[in-house]
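Structure, as C-alpha cells:
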Amino acid sequence: MNSLWSDSKAGEFPGDLGQRIYTSRLLGREKSLVLHGGGNTSVKIIEKNLLGEDETRLYVKGSGWDLEHIEAAGFSPVRIDHLLKLAKLKQLSDPQMVNELRTHMTQASAPTPSVEAILHAILPYQYVDHTHADAIITITNTADGLTRIREIYGDNVVIVPYVMPGFDLARRCAEQFAADARKNTIGMVLLNHGIFSFGRTAQESYERMIDLVTWAENYLAKNKAWVLPESSEKLEAKPRRRELAALRHELSRVSGFPLILAAHDDPASLAFARRDDVGTISQQGPATPDHVIRTKKIPMIGRDVPAYAKAYEKYFDEHAPKSKEPKAMLDPAPRVILDREFGVATAGRSAQDAAIVFDIYAHTMEIIQRATALGGYKALPAKDIFDVEYWDLEQAKLKGGGSPPVFAGEIALVTGAASGIGKACVESLLARGAAVVGVDIKPSITSLYSRSDYLGLVCDVTDEKQLSEALEKTARTFGGLDMLILNAGIFPPGRRIDALATAEWDKVMRLNLDANLMLMREAHPLLKLAPHGGRVVVIGSKNVPAPGPGAAAYSTSKAALNQLARVAALEWGVDNIRINSLHPNAVFDTGIWTEQVLAARAKHYGMTVEQYKKNNVLKTNVTSRDVAELAAELCGPLFAKTTAAQVPVDGGNERVI
Ligand code: ZN
C-alpha cells in the first residue's frame, strides 16, 4: 500500500482541521482500509470559547459522513476534558455515552460524534487515524492472530483484545495504552476490529497508518496468503431470471417485505462460490462485527430460504438475553447468498443496500480466503457477533428514518423511457423508492441517471431476443419484476385509410401492439412472483374511446392494446397481477410536439398555441408528469383492488364524456 500524500495538494488545506480533512480523504480513497463508514479520524485543537478561555476540542468524524468525501462540517467538536473524565468511569451505557458526546459538543448543529470518540480522546497525540484495514482483520481472524501481530509489530503497536465497540472498548484501550505504550509505539491494533495510528502531524499519523498496514500486507505475501485463487470456469449461458425471481420471492416472503436481489458472477465471486470448502469457510461469521448488521451472521449456501430462516431463529433463541425486555429479532432472511450456479447474490431493502452488502462481502471473501491460506480463518465467537447484531445503537440506526418509501424493495420496468411520459414515469417510480429499469431504443437511455437503483438498457422492443435479454438483465441486477409500464409507441404522420401502405400499418402494429404482447408474455412469470403482486400499467390514448380521422393505424393499435389489457386482467387476476390503463390526450411536453408542430396544429384549428394546449373541459395543461404520477399511483396501494380500469388523463374531453 502506497502513501498518497502530496505536499502541493496538502498545501491547499490550511490549518489543523484542513490537514485533518486532507488525510482523512486519502484514507477514504483506499477501500481496503475503510468501507462504508468503517473508520474514523480526529484532531485535537485548542480554541478560544466565547468567554475568551482556551479550550481543547476533539474534532472527530461525525456519523453519517464517509472519509472520502468529508468536509469541515463532517467533524464534530467535543470538549476533550469531559471525554477524558468519562474515560475514567467504571460504567457507561451506550445510549448514555452518545448523550454525553452530543451534549458536550461546542457546535449544536454538528453531527453526532463517532461512538469511538472517547478512544480518540485518550490517545495523547494531536492526530489519530483509525481504520478497519482488511490486512489486519485477515491476520487477527486466525487461530494464532495475536502471536502473528506481535511477530509483525513488536512494541511498535499496543495490542488490545476484542471488545465490542462502545464505552468498554474505549476504557480498555486507555488502560492497555497506559500499560504497554513505549517510546517507539506508533499504533494500536484492536484484534478482529482494526488499527489506530497517531502522530504530531496529519502526515505523520497518515503515513504511519500506511506503513503499519503495509507491514501486514507484506507478512501475508511472505506467507503465501496474498494472491487469491482464481476460477477458470465460465458461467453456463442460460436464462436465470425465473430462478432468481423465485429466490427473491422466497426471501421477501420470509423477511416480510420486498427485497432487491443483486446477482454477481464476476470471476472473484464465482471462484469463491465454487470453492470446494465454501461450506466450511463461509459459515463461521463475518470478518469484523461491524459488517454483521448489513450482511447478517452467515451467508446462505444454496436456495433453501426456510431452512436458513429456521436456523436464524434458533441462533436468536440461543443467544438472546433472557431479560425482562427481550431484544426483537431482526427479519430472518439472509443478505448474502452463495450459489454454484449464479455466484454471489446480495439482498437489501433497496438497490443501494444490496450494493453495500456486496461491497462488504467482496472484501470478506478476500479476508476469508487469505486467512484460510495463512492457516485457517477463525471468526469471533457467535456471542460477540450476536452482541453487535443486536446492539442498541445499531438497532436504533436500523429503525431510524421513519417508514420506508411505498415501493421500497420493488422493481419497475418502463418502456420508451428515454424521454416524455416514459422518462417521467422513471422519475415518479424512483421517487417512490422503486428500483427502475428504463428501456429505450435510444442510446441516451443508459446515461439517464447514474445511481444504483437505475438501470438503462438499449433495447428494440419489437425484437423478442432483445426483450428477453432486457428481462434477464433486470432479474440479474435487481432480482425480478413487480411493475411494468408499457409506454413505448409511435404516432405516425396523418394518413387516410385510402392511402395507408401495408408496411406503415405493420410498423405501427409491431411497435404499439405486438411488442407489448411479447413483453407481457415474457414478463408474466416474473410478475407472478412479485412479493406484493404484479402490476401493469398501459399508456393508452384518448384515441381508444375517441378515434380521429387520419390516425387509423395508431387508433387501431391502441384499441387492440386496450383489448389485450382487458383480457390480461381476466387471465392474470388469479396470479394477483393487476393491469390498468391510462388514456392521456394532448400531452405536449413530449418529443413529437416540437414548437413548429404545435404552431401548425393550433393554426389549423384557428387557435393560439396556449388555447390549443388547454383545449379541454377543465382548460388545463396536461403534462408528462401528470400522466407519470397517475401511472405510479395505479401501481400503489390506493388501487390495490382495481384491475382493468381505464382512466382518462386529458383535462376532460367532450367526445369521451
Ligand atoms: Zn472501529
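The values are calculated or read from the model by the stated rules, or taken from the named source; none is laboratory data. Please read these numbers as outputs of a predicted model, since none were measured by experiment. Here the Cβ is made from the backbone with ideal geometry for all residues, glycine too, and neighbour counts use every protein chain on show. We work out accessible area using only protein heavy atoms, side chains counted, and drop any ligands, DNA or RNA first. Shrake-Rupley method; radii C 1.70, N 1.55, O 1.52, S 1.80 Å.
For this structure, a couple of remarks:
- Where ARG102 falls short, out of the listed (1) at pLDDT below 95; (2) within 29 Å of the chain's Cα centre (by Cα); (3) open to solvent by 30 Å² or more (accessible area, probe 1.4 Å): (1)
- Pick from the stretch 119-141, criterion under 20 Å from GLY199 (Cβ atoms) and open to solvent by 10 Å² or more (accessible area, probe 1.4 Å), ranking: nearest to the ligand (Cβ to nearest atom): HIS132
- Restricted to the stretch 60-136, the set of helices (runs of 4 or more DSSP H) holding at least 3 residues that are at negative phi and free of Cβ contacts under 8 Å to residues at least 40 places away in the same chain comprises 80-86, 94-103.
- Members of the stretch 500-517 that are more than 49 Å from the chain's Cα centre (by Cα) and over 10 Å from ALA552 (Cβ atoms): ALA501
- Residue in the stretch 96-110 that is within 29 Å of THR201 (Cβ to Cβ), in contact with a Gly (Cβ under 8 Å, 6 or more places away or on another chain) and away from the ligand (no atom under 16 Å from the Cβ) present: yes
- Residue in the stretch 34-43 that is touching a residue at least 40 places away in the same chain (Cβ under 8 Å) and more than 16 Å from the ligand (Cβ to nearest atom) present: yes
- Residues that are within 14 Å of ALA117 (Cα to Cα), of a type outside the set (Lys, Arg) and within 16 Å of the ligand (Cβ to nearest atom) within the stretch 59-75 comprise VAL60, GLY62, SER63, listed in sequence order.
- Matching residues, the stretch 439-465, being within 27 Å of the chain's Cα centre (by Cα) and among the polar types (S, T, N, Q): SER444, THR446, SER447, SER450, SER452
- Residue within the stretch 462-484 that is under 28 Å from LEU259 (Cα atoms), aliphatic (A, V, I, L, M), without any contact (Cβ under 8 Å) to a residue 60 or more places away in the chain and outside any loop (DSSP other than H, G, I, E, B) present: yes
- Any helices (runs of 4 or more DSSP H) falling wholly within the stretch 256-351 and containing at least 2 residues that are open to solvent by 50 Å² or more (accessible area, probe 1.4 Å): 267-273, 305-319
- Top-ranked residue in the stretch 533-573 [being outside any helix (DSSP H, G or I) and of a type in the set (Lys, Arg); ranked as least open to solvent (accessible area, probe 1.4 Å)]: ARG535
- Positions within the stretch 83-98 being surrounded by 13 or more Cβ atoms within 10 Å (Cβ to Cβ) and polar (S, T, N, Q), in sequence order: GLN96
- Going through (1) open to solvent by 20 Å² or more (accessible area, probe 1.4 Å); (2) assigned to a helix (DSSP H, G or I) one by one, VAL617 falls short only on (2).
- Residue list for the stretch 571-584, restricted to those being aliphatic (A, V, I, L, M) and under 9 Å from THR643 (Cβ atoms): ILE577, ILE579
- None of SER447, SER452 is open to solvent by 50 Å² or more (accessible area, probe 1.4 Å) and within 15 Å of ILE411 (Cβ to Cβ) except SER452.
- Yes/no for ALA246 being over 20 Å from PHE478 (Cβ atoms) and part of a helix (DSSP H, G or I): no
- The stretch 41-58 - residue that is on the phi < 0 side of the Ramachandran plot and outside any strand (DSSP E or B) and, of those, most open to solvent (accessible area, probe 1.4 Å): LEU50
- Checked against the criterion of being of a type in the set (Phe, Trp, Tyr), over 16 Å from ASP81 (Cβ atoms), open to solvent by 10 Å² or more (accessible area, probe 1.4 Å) and at pLDDT 95 or above, the stretch 59-66 contains not a single residue that satisfies it.
- Meets criteria (open to solvent by 30 Å² or more (accessible area, probe 1.4 Å) and either assigned to a helix (DSSP H, G or I) or small (Gly, Ala, Ser) (or both)) for GLY651: no
- Qualifying residue in the stretch 597-607 (condition: more than 26 Å from ILE497 (Cβ to Cβ) and outside any helix (DSSP H, G or I)): yes
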